Amino acid sequence: MEKQIAGKTISVNEEGFMTDFSQWDKAVGEALAAENNLQLTPRHWEVIEYIQKEYKNDVPLSIRKIGKSGVVDIKEFYELFPVAPLKTATKIAGIPKPVSCI
Amino acid sequence: MKRLLILGAGTGGTIMANHLRKALKPGEWEIAIADARDKHYYQPGFLFLPFGQYAPEDIVKPITDFIPKDVVFLHKEAQKINPAAKSVSFADGEDYAYDILIIATGTEIAPEEVAGMAGPEWRKSVFDFYSFEGALALRDKLATWEGGRLVVHITEMPIKCPVAPLEFSFLADSFFKEKNMRDKVSITYVTPLSGAFTKPKATATLEYLLKEKNIAIEPDFAIESVDNEKKVIRDYGGREVPFDLLVTVPTNKGSELIENSGLGDDLAFVPTDKSTLQSKIHPDIFVIGDATNVPTSKAGSVVHFEAEILTENILNYIQSKDMKAAFDGHANCFVETGGGKALLIDFNYDHEPVEGTFPIPGIGPLRLLKENRINHLGKLAFRWIYWNILLKARPIPFVTPEMQTAGKNFN
């Protein structure tokens, strides 16, 4: 389905995750963050850029992996994204949430 | 004489030994396969062992039963891979020089990765079923357990056979019903993901199973520790889930050999081209199965499909031709839902599991993403297929390494 945000049209799935990363930009990220009651700081952006890079390299994301990334530790990750941090961070980053096979 | 060495005589290594012995002339190529163990486990059986549906002897056979003659079995422990020297060092001090190396060393559980998991309650009230010993210990526990809070838990992804913990929950529901004690047991499924089902079609089609079987879900749970005294698992956000019996899938890691050789990612999985299955370490090194970091399920069916692709690519590589065979991430898995029923799922890198017919489009006889008795019989029959067809690299009729889109309902 399509959605209007930050003056753009983006494609999203039933849960609001973007389905076409090429439509993502920082303004979209900020608007998605606002929908999740978050105001993005430079620390948020470092995390978002890290997970986008990992996603592009087909690396499966986990909280532990983010904790070991050297970008942020797990405690700070929870402070930055307090509710379901990985799901929220991937949503703002414009990439799919981590999934299993079914 | 050229030398091809396979590390690991599990599902992937054994299938590759069988494929390549048929494809490479014994006078031109020596093929060796190395493993410190002498037993081959039918790993899908680990799911049934705790419930007494399989006996230990049903799922274990000697490794050498499946190694073709004219393949050398090196019954010893590999300690280090030396890509530059094109050799592998073994614990007995010997080095084996190879022209081509296949890494098939699989994945192991690493409960020590989570604080308290391998603590005083390990195999008392905290169990795994991803190892033979763990599944056996859990069988003995379940035989006398009087009920309480059963928590089925996934530590982190990726794990081998991602549906197994869900199947375990379903089978546990049936098991306690049959023992007339379901009312004494609560079942909670705890996952680091957003739910028990994460793909849209599977969620829409299968979510009813959780309700029907009265299984509670704790999603988005990133475990920080197992508290052995309070008997709770705690996540990084401070959330606690109490248990009387914790059945966890610990962190899955690649083999210690990969870690010691410095060839893996942070979970010791080997960086591998997801299409050709050539390693990203060195052109002479190929990788198959759970040992890779390719973004599909770690599962026996994946290994079976990868083996056909990898055989073709290794033959091309030997002849300095392009490696044209491309692995598509194909997986095909029976999913036990309890009560003598199962589902079948068929998917790849690009397509999520959907409804349809398998393996013959429009006919079946198996139905995708639908629970029924015939799928369960298929899962049981698969043990025979594994020992007699799959490990020996014989073709399975109608089942191709590439996922077929025909017979699937995508919209």
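To keep it simple, each residue is scored yes or no on (1) small (Gly, Ala, Ser); (2) away from chain A (no Cβ under 14 Å).
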{"residue": "B:Ala110", "(1), (2)": "yes, no"}
{"residue": "B:Ala115", "(1), (2)": "yes, no"}
{"residue": "B:Trp122", "(1), (2)": "no, yes"}
{"residue": "B:Ala135", "(1), (2)": "yes, yes"}
{"residue": "B:Glu146", "(1), (2)": "no, yes"}
{"residue": "B:Met157", "(1), (2)": "no, no"}
{"residue": "B:Lys160", "(1), (2)": "no, no"}
{"residue": "B:Ala164", "(1), (2)": "yes, no"}
Exercise. Sort out which residues of the range B:199-221 are part of a loop (DSSP other than H, G, I, E, B) and more than 9 Å from chain A (Cβ to nearest Cβ), and write them in order of number.
Key: B:Glu207, B:Lys213, B:Asn214, B:Phe221
Quiz item: For the range B:277-300, what are the residues that are over 19 Å from the mean Cα position of the chain (by Cα) and assigned to a loop (DSSP other than H, G, I, E, B)?
Solution: B:Lys280, B:Ile281, B:His282, B:Pro283, B:Asp284
Quiz item: Inside the range B:222-251, can you point out the residues that are in contact (Cβ under 8 Å) with a residue 60 or more places away in the chain and in a loop (DSSP other than H, G, I, E, B)?
Solution: B:Ala222, B:Asn228, B:Lys231, B:Phe243, B:Asp244, B:Pro250, B:Thr251
Practice problem: Could you pull out the residue among B:Lys22, B:Lys69 that is outside any strand (DSSP E or B), exposed (fewer than 14 other Cβ atoms within 10 Å of the Cβ) and at pLDDT below 95? | Solution: B:Lys69
Quiz item: Taking the range B:324-351 as the region of interest, how many residues are within 30 Å of B:Phe51 (Cα to Cα) and in contact with a Pro (Cβ under 7 Å, 6 or more places away or on another chain)?
Solution: 4
Quiz prompt | Selection status of B:Lys179, out of contact with any helix residue (DSSP H, G or I) (no Cβ under 8 Å at 6 or more places or on another chain), of a type outside the set (S, T, N, Q), modelled with pLDDT of 95 or more and not assigned by TED's automatic domain parsing to the domain that holds B:Ala299 | solution = yes
Quiz item: Restricting attention to the range B:252-266, which residues are touching a residue at least 40 places away in the same chain (Cβ under 8 Å) and either within 14 Å of another protein chain (Cβ to nearest Cβ) or part of a loop (DSSP other than H, G, I, E, B) (or both)?
Solution: B:Asn252, B:Lys253, B:Gly254, B:Ser255, B:Leu263
Quiz item: Of the residues A:Leu80, A:Leu32, A:Leu61, which is of a type in the set (A, V, I, L, M, F, W, C), at pLDDT 95 or above and closer than 21 Å to B:Tyr236 by Cα?
Solution: A:Leu80
Quiz prompt | Conditions (1) outside any helix (DSSP H, G or I); (2) surrounded by fewer than 23 Cβ atoms within 10 Å (Cβ to Cβ); (3) of a type outside the set (A, V, I, L, M); (4) away from chain A (no Cβ under 14 Å); number of the one not met by B:Lys274 | solution = (4)
Quiz item: Given the residues A:Leu61, A:Leu86, which is the only one that is assigned to a helix (DSSP H, G or I), in contact with a Pro (Cβ under 7 Å, 6 or more places away or on another chain), within 25 Å of A:Val12 (Cα to Cα) and facing another protein chain (nearest Cβ under 9 Å)?
Solution: A:Leu86
Self-check item: Where a residue in the range B:311-330 is farther than 17 Å from B:Ser301 by Cβ and its partner, wherever it lies, is part of a helix (DSSP H, G or I) and among the aromatic types (Phe, Trp, Tyr), with Cβ under 8 Å and at least six apart
Solution: B:Met323/B:Tyr317
Practice problem: Just one of (1) under 19 Å from B:Asp235 (Cβ atoms); (2) crowded, with 18+ Cβ neighbours inside 10 Å; (3) touching a helix residue (DSSP H, G or I) at 6+ places or on another chain (Cβ under 8 Å) trips up A:Trp24, so point out which. | Solution: (1)
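Okay, residues lined up against (1) at the interface with chain B (Cβ under 9 Å from one of its Cβ atoms); (2) part of a loop (DSSP other than H, G, I, E, B); (3) among the hydrophobic types (A, V, I, L, M, F, W, C); (4) within 20 Å of B:Ala196 (Cβ to Cβ):
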| position | (1), (2), (3), (4) |
| --- | --- |
| A:Ala27 | no, no, yes, no |
| A:Glu30 | no, no, no, no |
| A:Leu38 | no, yes, yes, no |
| A:His44 | no, no, no, no |
| A:Glu49 | no, no, no, no |
| A:Tyr55 | no, no, no, no |
| A:Lys65 | yes, no, no, no |
| A:Gly70 | no, yes, no, no |
| A:Val99 | yes, yes, yes, yes |
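The values are calculated or read from the model by the stated rules, or taken from the named source; none is laboratory data. What you see is a predicted model; the values in this text were computed from it and never measured. Cβ sites come from the backbone with ideal geometry, for glycine too, and all protein chains shown count toward neighbours.
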